[in-house]
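Down below is the structure, laid out as structure tokens.
Coordinate-derived values only; no laboratory data. All values reported here derive from a predicted model rather than from experimental measurement. Glycine also receives a Cβ, built like all others from the backbone with ideal geometry; neighbour counts cover every protein chain displayed.
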Amino acid sequence: AALARIAAAGAGVSVYLRDGAAGVPLKQDEGTEQARQKQWLDVGLGAQILRDLGATRIRTLASRDLNYVGLRGFGIEIEGNDALT
């Protein structure tokens with residue numbers, strides 16, 4: 001469904017990160033600081049992929065609302081979030 005939406009828009013990028021790599025929790029309710037640091041590395045990896053592809057302004061397309069922290073540090077601005085249904 002995501003690829004069909006991108007195709008219909010006529011432009012876009014699909015970056016798939018495995019479950020758990022989409023955001024870093026603000027609270028440390030579960031896991032250790034080491035696990036949280038690993039999550040930050042995953043978010044940074046996705047941001048670097050987007051930058052390498054030339055993306056600087058993005059709209060996210062996801063099945064749930066996610067808050068991506070730290071993307072501005074990579075020069076990426078989120079213009080909006082679209083629900084994938």
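Between A62 and E33, what is the FRET efficiency for a Förster distance of 25 Å, r being their Cβ-Cβ separation, to the nearest 0.05?
The calculated FRET efficiency here is 0.40.
Tell me, what ³J(HN,Hα) does each residue in segment 46-62 have, in order and in whole Hz, if you take phi through Karplus 6.51 cos²θ - 1.76 cosθ + 1.60 with θ = phi - 60° and put x for Gly and Pro?
Computed from phi, the couplings for segment 46-62 are x, 5, 5, 4, 4, 5, 4, 7, x, 7, 10, 10, 10, 10, 7, 10, 8 Hz.
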